[in-house]
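Have a look at the structure below before the remarks.
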Amino acid sequence: MPEPRCAYFIADSHLGQGSDESNRSRERDLLSFFDRVRDERAALYVNGDLFDFWFEYGHAIPKRFVRVLQALGDLRRQGVPILYVGGNHDFWIGEYLARELDVSFTDQPQTLALQGRKIFLAHGDGLGPGDHGYKVLKRVLRNGVARGLFRWIHPDIGIPLAGAFSHTSRHHAPRPSVSDEDLRDRLAGPRFAEGFDAVVLGHFHRPVHLREGGRDFVVLGDWITRRTVLRLVDGAFELMEFRGV
């Protein structure tokens, strides 16, 4: 199948976080955005934390995300390529996306070759130097033992409980005083040295796009306040706010 001429990247919708009104608004805009992806026959990259929490039990998944899940499945049935990279809130996604929706999922950073660009794609949590305590916690939570133990908790208890504690993962982003340039040097500098010409991250909830010497550093912002999306066409990136179809 030929490579799509256009690709879109989004991150940090955190569906399930906040008020019902806020969630309905984000869901409505996401569904409208998915319509655009379909109409443009683009590829879609979901770079983590589409959901504020996700866990798959043997016979249950969180029920409030049905419309978004159905829309992802519809995109796949119409031939839209989708890659979902897990973040620090939805890394416990299991086989459901691949088995039922045909959506590719990974919880590891990815190397993408698109439109002549070599792209490092990662959610961004635990990336770069420091924050050793969180990196240890991340390894613990993502192992099979933790997943197995959590599965023993009934969904009606486990899902609300995890949602109540999910705010603790929001403390692992640089303070606002960290400049965009410092963020680029810390997180993208090593990747540029490895030969990547673009680094695309989520997690930090601030839209950043820095271009220099043919290299792009992008932080995707979020869908909680800004509805930011990254568009790649003919090898050129554009970070913008989604305004509807």
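The values are calculated or read from the model by the stated rules, or taken from the named source; none is laboratory data. Given the structure is predicted, the values throughout are model-derived calculations rather than measurements. Glycine also receives a Cβ, built like all others from the backbone with ideal geometry; neighbour counts cover every protein chain displayed.
So the values come out like this:
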{"read-out": "Candidate set: the stretch 200-214, residues that are buried (at least 16 other Cβ atoms within 10 Å of the Cβ) and of a type outside the set (A, V, I, L, M); chosen: the one nearest to Phe34 (Cα to Cα)", "value": "Gly202"}
{"read-out": "Pair list, Cβ < 9 Å and 6+ apart or interchain, from the stretch 40-51 residues that are at positive phi to residues that are polar (S, T, N, Q)", "value": "Arg41/Gln78; Gly48/Asn88; Asp49/Ser13; Asp49/Asn88; Asp49/Ser169"}
{"read-out": "Enumeration of residues in the stretch 71-91 that are among the charged types (D, E, K, R) and either buried (at least 18 other Cβ atoms within 10 Å of the Cβ) or touching a helix residue (DSSP H, G or I) at 6+ places or on another chain (Cβ under 7 Å) (or both)", "value": "Arg76, Asp90"}
{"read-out": "Strands (runs of 3 or more DSSP E) contained entirely in the stretch 186-245, each with at least 2 residues that are touching a residue at least 12 places away in the same chain (Cβ under 8 Å) and β-branched (Val, Ile, Thr)", "value": "198-201, 215-220, 228-233"}
{"read-out": "Only listed residue being at pLDDT 95 or above, over 19 Å from the mean Cα position of the chain (by Cα) and either over 21 Å from Glu241 (Cβ atoms) or buried (at least 16 other Cβ atoms within 10 Å of the Cβ) (or both), chosen from Phe165, Phe217, Phe192, Phe150", "value": "Phe192"}
{"read-out": "When residues of the stretch 1-36 are limited to those that are part of a loop (DSSP other than H, G, I, E, B) and crowded, with 22+ Cβ neighbours inside 10 Å, the one nearest to the chain's Cα centre (by Cα)", "value": "Ala11"}
